[in-house]
Amino acid sequence: MTKLQCQAPALPDEWQAPHSVGRALELARRFAVDAADARLLLQHVLALTHAQLIARPERLVPAADAEHYVQLLRRRAAGEPLAYITGRREFYGLDLVVSPDVLIPRPETELLVEIAISALAALPSPQILDAGTGSGAIAIALGRALPGASVTAIDRSTAALAVARENAARHGVAVEFLQSDWFAALAGRRFDAILANPPYVALADPHLAGEIRFEPQSALVSGVDGLDALRQIIAGAPQHLNAGAMLWVEHGFDQAPAVSNLFRAAGYSAITTSRDLAGLPRVSGAKLA
Ligand SMILES: C[S@@+](CC[C@H](N)C(=O)[O-])C[C@H]1O[C@@H](n2cnc3c(N)ncnc32)[C@H](O)[C@@H]1O
């Protein structure tokens, strides 16, 4: 095979003539890209809203934009998450910047945010810690919903913290960001609530070969049983919680019994587990007596 034959053409044959938005969306089928994803990619390339895109399906796609769109379709067809391709993900009503340095915030994590907001709303100025902040999703959602709160967010990854800082600035939410290996940089500091969505995937979990392979391993994997980070956080948090304060953690759908045992072993009380929208046990919380 010659070098020329090895290279994928910049545009498929059908693209050699100018095409409309409507035709561009139809052509996505030949890449086996989901129609909704193709629409979002074309919106991204043309910098149009959904309403603007569908208002004029006859609008012509300029050649340079068509080429860009096809490149993005190819990336999506190869399994790259849409959020990394567009650099954006919506979380709790916030438009967040994301990059491959951070976990793509998940809808399940909104449950963690909701539980904390309803429990903390009555406190005039709660001190809150988001441990393992990634894109800053949890910290920024809490800071926006609880204007009297002081929110601190830590992560071991400086690259993730840069993304989180950018998101906090874009949304005008004040968050104290610190680089820290869990509680290492927080000696002597206590909070009214700690939230964590830590890595909780087991090392040999077959899902790691799927689309999540594009996300940072350090945000996903936590030891042989996926519980290493949860063990450290649950054991370490009591030194950083005020009396009567809460720790809430997100965990795998099958990890709730193990997490409850970890809470009990560390002397917490009032242990509860909440289910996500799929009905799976997803967030557990407990109080420091
Ligand atoms: C599952 S991601 C959660 C990100 C974000 N909170 C969210 O819900 O989208 C876990 C985060 O924990 C961070 N992390 C992993 N190990 C850590 C450690 N030892 N100390 C601090 N952060 C850590 C990762 O860098 C990652 O950003």
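Return the single residue from GLY87, GLY172, GLY143 with maximal mean-square fluctuation; model: Gaussian network over the chain, springs between Cα atoms under 10 Å.
With Cα springs under 10 Å in the chain, the top fluctuation among GLY87, GLY172, GLY143 is at GLY172.
Identify which of PRO238, PRO100, PRO62 has the largest mean-square fluctuation in a Gaussian network model of the chain, with springs joining Cα atoms closer than 10 Å.
Looking only at PRO238, PRO100, PRO62, the largest GNM fluctuation is found for PRO62.
Based on Cβ point charges of +1 for Lys and Arg and -1 for Asp and Glu, what charge dipole magnitude is obtained for the stretch 73-117 about its Cα centre, in debye rounded to the nearest 20?
Computed about the Cα centre, the dipole is about 360 debye.
If the convex hull of the alpha-carbon atoms of the stretch 35-137 is projected onto planes in all directions, what is the mean projected area in square nanometres?
So the Cα hull casts an average projection of 8.7 nm².
Relative contact order of the chain, please, whole-number percent, based on alpha carbon pairs below 8 angstrom and at least 6 residues apart.
Computed value for the chain: 13 percent relative contact order.
What length, rounded to one decimal in nm, is gained on full extension from LEU48 through to ALA265, with 0.36 nm per residue of separation minus their alpha-carbon distance?
Gain on stretching LEU48 to ALA265: 72.8 nm.
As I understand it, the value is the acute angle between the Cα axis of helix 109-120 and the longest principal axis of the Cα atoms of the chain; what does it come to in degrees, rounded to 10?
Between helix and principal axis, roughly 40 degrees.
Per the Debye formula with a single identical scatterer at each Cα and no solvent contribution, what log10 I(q)/I(0) holds for the stretch 131-219 at q = 0.12, 0.17, 0.20, 0.21 Å⁻¹?
-0.40, -0.75, -0.96, -1.02
Return the Rg/Rh value of the stretch 227-289, two decimal places, where both radii are evaluated on C-alpha atoms and Rh is the Kirkwood radius.
So for the stretch 227-289, dividing Rg by the Kirkwood Rh gives 0.96.
Using a simple spin-label model with points 7 Å from Cα along the Cα→Cβ vector, what separation in nm is obtained for HIS171 and ARG29?
Using points 7 Å along Cα→Cβ, the separation is 3.9 nm.
On a C-alpha basis, how far is the centre of the stretch 266-280 from the centre of the stretch 120-181 in Å? Whole number, if you could?
That distance is 23 Å.
Working from Cα positions, state the angle (0 to 90°, nearest 10) between the long axis of helix 35-46 and the longest principal axis of the chain.
That helix lies at roughly 80 degrees to the long axis.
Treating each Cα of the stretch 100-288 as an identical point scatterer and ignoring solvent, apply the Debye formula and state log10 I(q)/I(0) at q = 0.09 Å⁻¹.
The computed values of log10 I(q)/I(0) come out as -0.28.
Treating only the Cβ of Lys, Arg, Asp and Glu as charged (+1, +1, -1, -1), what charge dipole size does the chain show about its Cα centre? Round to the nearest 20 debye.
Using only the charged Cβ atoms, the result is roughly 180 debye.
Using label points projected 7 Å from each Cα along Cα→Cβ, tell me how many nm separate GLN239 and SER274, to one decimal.
A separation of 2.9 nm, rounded to one decimal place.
Quickly work out the LYS287-to-LEU123 label distance, labels modelled 7 Å from Cα along the C-beta direction, and quote it in nm with one decimal.
1.3
Report the residue, chosen from ALA160, ALA184, ALA131, that carries the largest GNM mean-square fluctuation when the chain is represented by alpha-carbon nodes joined by springs under 10 Å.
The residue that fluctuates most here is ALA184.
Charges on Cβ only, +1 for Lys and Arg, -1 for Asp and Glu, centred on the Cα centroid of the chain; of LEU94, HIS171, ALA196, which one is farthest towards the dipole's positive end?
HIS171
Read-outs: derived from the displayed coordinates by stated rules, not from any lab. Because the structure is predicted, anything quoted here is derived from the model rather than measured. Cβ sites come from the backbone with ideal geometry, for glycine too, and all protein chains shown count toward neighbours.
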